[in-house]
1. Quick one: if the Förster radius is 22 Å, what FRET efficiency do B:Ala86 and B:Arg52 give, using the C-beta to C-beta distance and rounding to 0.05?
2. Just counting partner chain Cβ atoms within 10 Å, what average do the residues of peptide B:154-164 show around their Cβ?
3. Across the residues of B:66-74, average count of Cβ atoms on other protein chains within 10 Å?
4. Show me the ranking of peptides B:141-149, B:77-85, B:176-184, A:40-48 by mean Cβ neighbours inside 10 Å, starting with the highest.
5. Taking loop as defined by DSSP and a crowding limit of 15 other beta carbons within 10 Å, which trypsin sites (Lys or Arg not before Pro) in segment B:87-168 fit?
6. What is segment A:1-56 by shape, rounded, prolate or oblate, if you read a ≥ b ≥ c off the alpha carbon gyration tensor as root eigenvalues and call it rounded for a/c under 1.5, prolate for a/b larger than b/c, and oblate otherwise?
7. Rank-order B:124-131, A:80-87 by packing density, defined as the average count of other C-beta atoms within 10 Å over each peptide's residues, highest first.
8. Scan around A:Gly55 for amide H atoms under 5 Å from its own, H built in the peptide plane at 1.01 Å from N, and keep only partners 5 or more places away or cross-chain.
Amino acid sequence: MTWGALIGLGLAAYALKAVGPLLAGHRPVRPGAAQVLELVAPALLAGLIMVQTFGGDHRIVLDARAPALGVAALLVWRRAPFLVVVLCAAATAALLRSLG
Amino acid sequence: MSLLVFTGASQFAVVGVLGAGGAVAAALAPALLLAARNALYGLALVPVLRGRLPVRAAQAQLIIDESTAMARAQDDPELARRAFLATGLSVFVCWNVGTLAGAALGGALGDPRSLGLDAMFPAAFLALLAPQLGRPGARTAAIWGGAIALALVPVARIGVPVLAAVVGVLPATVELRRRARRAAP
């Protein structure tokens, strides 16, 4: 990988991040628009969770990550602390993988 | 690379394609698709990231999955801004220290999957999503976003499914409109 390509990627990645805050950051956000923007994060987060749990190489995979997410969901529902949720999910996946 | 790009998924995409013998151009396309997600995060963070232009410009580099999720989990804008900065900066430092350590240690570590490390991310994002579901329309947005992303996994390029999840905002917006109309006679 050349330095040119690396710097280009860095600039492009930064430009994408900066679009929102730089263009809209100095104006007050309209309440209607704010309500819609509030919905972007949950939609993307849910997509991210699904892809990282069931995503494989161009197919849907059911492996130790799914029960780990189930454990995480149970703990979130029981209002367990963030660190407990994350560590228990990792431990579930690790345990299932060591067994099978 | 970690200092300049600071978009983990994009970096892994580039290294994955190059490592498999792909061309630089072929490696950049999925990386940019993955980075495009951050543009949407930037929009979601508009109410949080205030301040003068240079301040906002510097903060923008810290926009990633984790800092966005932590910021959006807070209802108070000031708390959200602090959560964003704390998460963004700590991930930035750890990510770059980790990159150095990884380069130095190389293959000495075992398979991260056997430690269940890959299962930590969806669990963390779930914990961050849950408190947001009480907001109007958020549940609909999340269900649609998750379903759309999952449906696209087998057919779309890497990076596209998460990006497409934003379409889940549409049915949620429709629901909000309908609810508002019903409330106002």
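1. Details: r = 20 Å, r/R0 = 0.93.
Plugging the Cβ-Cβ distance into 1/(1 + (r/R0)^6) gives 0.60.
2. 3
3. Details: counts 0, 0, 4, 5, 1, 1, 7, 3, 0.
Counting other chains' Cβ atoms within 10 Å and averaging over B:66-74 gives 2.
4. Numbers: B:141-149: 25.0, B:77-85: 16.7, B:176-184: 10.6, A:40-48: 29.9.
My ranking of the peptides, most packed first, is A:40-48, B:141-149, B:77-85, B:176-184.
5. Details: sites: B:Arg113, B:Arg139, B:Arg157; in loops: B:Arg157.
Filter output for segment B:87-168: B:Arg157.
6. Working: a/c = 6.52, a/b = 1.19, b/c = 5.49.
Judged from the Cα gyration tensor, segment A:1-56 comes out oblate (a/c at least 1.5, b/c at or above a/b).
7. B:124-131, A:80-87
8. A:Val61
Values quoted throughout were computed directly from the atomic coordinates according to the rules given, and no laboratory measurement underlies them. The shown structure was predicted, so the numbers you read here are calculated from the model rather than taken from an experiment. Neighbour counts are summed over all protein chains in view; Cβ atoms, including those assigned to glycine, are modelled from backbone coordinates with ideal geometry.
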